[in-house]
Amino acid sequence: MAEVSDNKVLKQVFVYVTLDIDDPRLLTLQKLLLAYKVQWSEDRWDEYTDEEYEAARLIVVQALSENHIVGGPRFYTEYDLSNACPACGAGMRQTGTYWIDGAGPQTVRLGQFRAVSSYSEILVDQPLAETLARANLSGLSLRSVYAYQPDEAPIELIWRQLWASHTLPPMSPRSTGIDFDSACKSCRRGKIDSTSPERFAYRAKDVEGAQDVNRMWEHFGYVRWNGDLKTAVLWQPYFVVTPKVWRIFRDAGVTGFQWLPIRVVEDE
Ligand SMILES: [Zn+2]
């Protein structure tokens, strides 16, 4: 599958090609790109069947960029920093309701999606929140969401923030696509980079206490942290859920998320 977009300002043409890893044309394409000195980047990911999701012990939920909403500490969401790493902020705990940027251009996404993400927080619309609440999912509660607009009264939205009471232990080092060396030197928990495809593994004993809805221990990706919440950008840990939760999101027609079944490995 190829898609072309012509950007006249930069005098560049972007071409997106999606091929199966076993497709012999992949090697041919790579050779041609090298021969013609074309710049390219590769993104690899796994695709799973519904049967594989149903059989998974737990599933990592990753948001795609298309449904991202700006919010968090810069918009008056409050956090407890007593257990936060001074170097990267990992371990900060949200104490108040979640605030989004009510004046930002992404706010329109609230009308386009059933569920949106905000630095790995997940916000769901009212009908989906009600479905989740009725499903009696362990480890899950739902919290209010407010929109911040400068010089105007705060607006409480009908959206709800997913809240998990349980944090899983650190993942198994047998996970692949995870750059463990990139982790914050102080806490080993934050600033972790990944390469595609990511394959998360957990030790069998570490998923024994898992609930239907959990958070990962690790924090991935970009961090802006100097101790001041008013300028902080800190991605929260991914949600890790049971197939029961995946099924509810699938049946609600939710898009904008990538679902990655974990592998359970023996202790080492
Ligand atoms: Zn740290």
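Since every read-out is calculated from the coordinates, none of them should be taken as a lab result. Just so we're clear, the structure is a prediction, and the values are computed from it rather than from any experiment. Note that each Cβ is placed from the backbone with ideal geometry, even for glycine, and that neighbours are counted across all protein chains shown.
For the reader, a short list of remarks on this structure follows.
- Verdict on PRO243 being closer than 28 Å to GLU54 by Cα and within 16 Å of the ligand (Cβ to nearest atom): no
- Annotation: of all residues in the range 203-252 being of a type in the set (Gly, Ala, Ser) and assigned to a loop (DSSP other than H, G, I, E, B), the one that is farthest from VAL264 (Cα to Cα) is GLY227.
- Residue check, ILE122 under 20 Å from PHE239 (Cα atoms), in contact (Cβ under 8 Å) with a residue 60 or more places away in the chain and either of a type outside the set (Ser, Thr, Tyr) or away from the ligand (no atom under 16 Å from the Cβ) (or both): yes
- The set of residues in the range 173-219 being touching a Pro at 6+ places or on another chain (Cβ under 6 Å) and of a type in the set (A, V, I, L, M) consists of MET216 alone.
- Considering (1) more than 16 Å from the ligand (Cβ to nearest atom); (2) of a type outside the set (Lys, Arg); (3) in contact with a strand residue (DSSP E or B) (Cβ under 9 Å, 6 or more places away or on another chain), the lone condition that ASN136 does not fulfil carries the number (3).
- Inside the range 57-91, residues that are more than 23 Å from VAL116 (Cα to Cα), more than 16 Å from the ligand (Cβ to nearest atom) and buried (at least 20 other Cβ atoms within 10 Å of the Cβ) make up a count of 0.
- ILE192 vs. criteria in contact (Cβ under 8 Å) with a residue 24 or more places away in the chain and within 16 Å of the ligand (Cβ to nearest atom): yes
- Given (1) part of a strand (DSSP E or B); (2) surrounded by fewer than 17 Cβ atoms within 10 Å (Cβ to Cβ); (3) among the aliphatic types (A, V, I, L, M), number of the condition LEU29 does not satisfy: (1)
- Single residue of VAL60, VAL116 found to be closer than 30 Å to ASP22 by Cα and β-branched (Val, Ile, Thr): VAL60
- Selection status of GLY111, of a type in the set (Gly, Ala, Ser), away from the ligand (no atom under 16 Å from the Cβ), surrounded by fewer than 14 Cβ atoms within 10 Å (Cβ to Cβ) and under 16 Å from ILE69 (Cα atoms): yes
- For ASN214: the one exception among (1) touching a residue at least 24 places away in the same chain (Cβ under 8 Å); (2) farther than 22 Å from ILE100 by Cβ; (3) surrounded by fewer than 21 Cβ atoms within 10 Å (Cβ to Cβ); (4) polar (S, T, N, Q): (3)
- Residue count, the range 187-211 (criterion: among the acidic types (Asp, Glu) and touching a strand residue (DSSP E or B) at 6+ places or on another chain (Cβ under 6 Å)): 2
- Of all residues in the range 147-166, those that are among the polar types (S, T, N, Q) have Cβ atoms under 6 Å from Cβ atoms of residues that are assigned to a loop (DSSP other than H, G, I, E, B), 6 or more apart or on another chain, in GLN149/GLY102; GLN149/ALA103; SER165/GLY139.
- From the options THR131, THR95, residue that is among the polar types (S, T, N, Q), surrounded by fewer than 18 Cβ atoms within 10 Å (Cβ to Cβ) and touching a strand residue (DSSP E or B) at 6+ places or on another chain (Cβ under 6 Å): THR95
- Restricting attention to the range 158-189, the residues being surrounded by fewer than 19 Cβ atoms within 10 Å (Cβ to Cβ) and either more than 16 Å from the ligand (Cβ to nearest atom) or small (Gly, Ala, Ser) (or both) number 11.
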